[in-house]
Amino acid sequence: MTVRPGRRAATAVVAAALSTGALLGAAPTASAVSTAPTMTTLPTGVPGKSYSDPTGVNSAGVVVGYAYASGQGVEASAVRWAADGTPATLPPLPGEAYAQALGVNDANLAIGISWPTGRTAWQSTAVRWAADGTATALPPLPGDLYSRPKAVSGSGIVVGTSYSSSAGTHAVAWRPDGTTVTLAPLPGDTTSEVIGVNSAGLVIGRSSSGIDAFHGIVWRPDGTPVRFQTGPTAGSGDWPVGINDAGTVIGVADRPQGVGSSRHGLVRSPGGTLRDLGAYTSPTAINASGTVVGSYQPDPGQLASHAARWSPDGTLTPLAREPLTGGNSSAVGINDAGTAVGYAWDGIPARQYQSGRIWAADGTLTDLAPNSSDRTALFVNNAGLVVGLFLLRSPGSLYPSHLTAVWRP
């Protein structure tokens with residue numbers, strides 16, 4: 001299925017200064033708007049399961065995700081789409097019925113979960129699928145019942161969480177040779193969870209005592225935890241959200257402000273030096289050169305957030321957006337060429353109300369849903385392939401159905 005969207009008039013962007021911290025770059029005054037490329041939806045290849053959600057893409061254009069018949073994927077099948085869009089089902093573990101693929105690296109190593117009939121996706125075992133589709137279980141730690149992967153590095157290190165309802169969550173890494181490494185929480189904490197990993201084996205995540213705020217962690221390759229940042233925190237605390245192969249980590253911290261707190265974006269250099277992007281900033285992704293994207297709140301008195309790009313030196317450049325009343329936007333992914341993807345919304349940020357966006361390195365905006373909110377962009381690889389969702393709305397249905405979609409450069 002292909003959809004050819006129309007054009008949208010160019011828009012102007014006016015950026016207000018941040019209240020503290022961030023370096024504000026010049027706002028574009030008349031950002032160009034590009035015609036969107038053709039959208040192609042990907043078939044699942046699974047009989048009776050025509051809907052799908054994508055969860056990752058690699059540099060060759062291989063996409064992974066899961067297919068389902070309806071609802072939110074309770075009885076799901078893991079799918080890996082080849083670069084030409086051909087689907088292949090990834091099997092659950094022997095004796096089990098359902099699976100979801102949750103990520104893929106450039107060697108076509110996919111990760112996900114598998115579970116039997118009578119359980120849910122949260123009562124699952126982590127799985128690693130080889131390039132030929134062979135499934136290998138990644139077991140939970142001793143004393144836990146379930147495991148779930150979060151990310152896989154270019155070198156094949158899988159990181160995730162081991163857990164049970166009684167013992168809480170425990171961060172774990174599974175090395176390519178099958179060795180399981182426990183990622184300990186910070187001293188005084190009892191629970192931990194993983195957020196990401198780079199090819200050198202640096203893992204990011206957070207831990208907590210279970211009753212207080214989160215504490216961000218960078219785990220060294222040997223599993224030693226190092227505090228992500230040492231500044232003051234309030235509210236939910238602090239945690240990292242992304243890492244590149246150079247070892248630069250991005251994250252957020254809730255800093256005390258007056259009687260409450262404000263969220264600050266943080267960038268941690270490989271040597272541990274911390275840069276504060278300022279109040280009301282939220283980074284979400286980082287590329288190989290250290291360029292960061294996310295969102296910021298230009299006016300502390302208004303709840304609207306706008307997509308933004310930060311250069312490696314911390315300079316903020318607002319990304320073009322539409323002049324919607326109360327409109328919001330956020331960039332959620334960036335490739336090494338500087339192309340960013342994300343979405344805009346007006347009101348409720350749930351996926352059924354998002355309108356997909358591509359922002360080129362020169363600031364040119366591509367609106368993927370010029371006349372509706374029926375598609376959103378989630379990932380972009382270094383070849384410029386954008387992966388996201390096309391939403392089918394049925395009369396009387398509370399939630400739209402999802403189809404995995406790609407936009408080729």
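Across the chain, the relative contact order, built from alpha-carbon pairs under 8 Å that are at least six residues apart, equals 14 percent. With semi-axes defined as the square roots of five times the eigenvalues of the C-alpha gyration tensor, the equivalent ellipsoid of segment 148-305 measures 27, 19, 13 Å, largest first. For the chain, the solvent-accessible area works out to 41 Å² per residue, with a probe of 1.4 Å and every protein chain left in place. Taking the protein heavy atoms of the chain in the context of the full set of protein chains, the accessible area attributed to carbon and sulfur is 55 percent at 1.4 Å.
Taken one residue at a time, the phi angles of segment 198-215 give Karplus couplings (6.51, -1.76, 1.60, θ = phi - 60°) of 10, 5, 7, x, 6, 10, 10, x, 7, 9, 7, 7, x, 10, 10, 6, 6, 10 Hz. Gly and Pro are set to x. Need one word for segment 272-323: rounded, prolate or oblate. Basis is the Cα gyration tensor (sqrt eigenvalues a ≥ b ≥ c); a/c below 1.5 gives rounded, then a/b vs b/c decides. Oblate, since a/c reaches 1.5 and b/c is not below a/b.
Evaluated with a Cβ-only charge set (Lys, Arg +1; Asp, Glu -1), the chain carries a dipole of roughly 440 debye about its Cα centre, given to the nearest 20.
In this rough spin-label picture, where each label sits 7 Å from Cα along the Cβ direction, the ALA213-ALA167 distance is 3.0 nm. Using the Cβ atoms and a cut-off under 12 Å, what net charge is assigned to the surroundings of LEU186, where Lys and Arg are +1 and Asp and Glu are -1? Within the 12 Å Cβ shell, the charges total -1. The fraction of Cα-Cα pairs per 20 angstrom bin, counted from 0 for the chain, comes to 27, 60, 13 percent, rounded to whole percents.
Taking a ≥ b ≥ c as the square roots of the eigenvalues of the Cα gyration tensor of segment 181-253, is the shape rounded (a/c under 1.5), prolate (a/b larger than b/c) or oblate? Intermediate values should be presented prior to the final figure.
Working: a/c = 2.24, a/b = 1.35, b/c = 1.66.
Note, shape of segment 181-253 comes out oblate.
Ranked from largest to smallest solvent-accessible area, with a 1.4 Å probe on the protein heavy atoms, VAL406, VAL259 come out as VAL259, VAL406. If you build a Gaussian network model of the chain, linking Cα atoms that sit under 10 Å apart, which residue out of ALA279, ALA130, ALA184 swings the most? The residue that fluctuates most here is ALA130.
The values are calculated or read from the model by the stated rules, or taken from the named source; none is laboratory data. Remember, predicted model here, so these are calculated numbers, not experimental data. Every residue, glycine among them, receives a Cβ derived from its backbone with ideal geometry; neighbour counts consider all protein chains shown. Note: areas computed on protein heavy atoms with side chains; ligands, DNA, RNA excluded. Shrake-Rupley method; radii C 1.70, N 1.55, O 1.52, S 1.80 Å.
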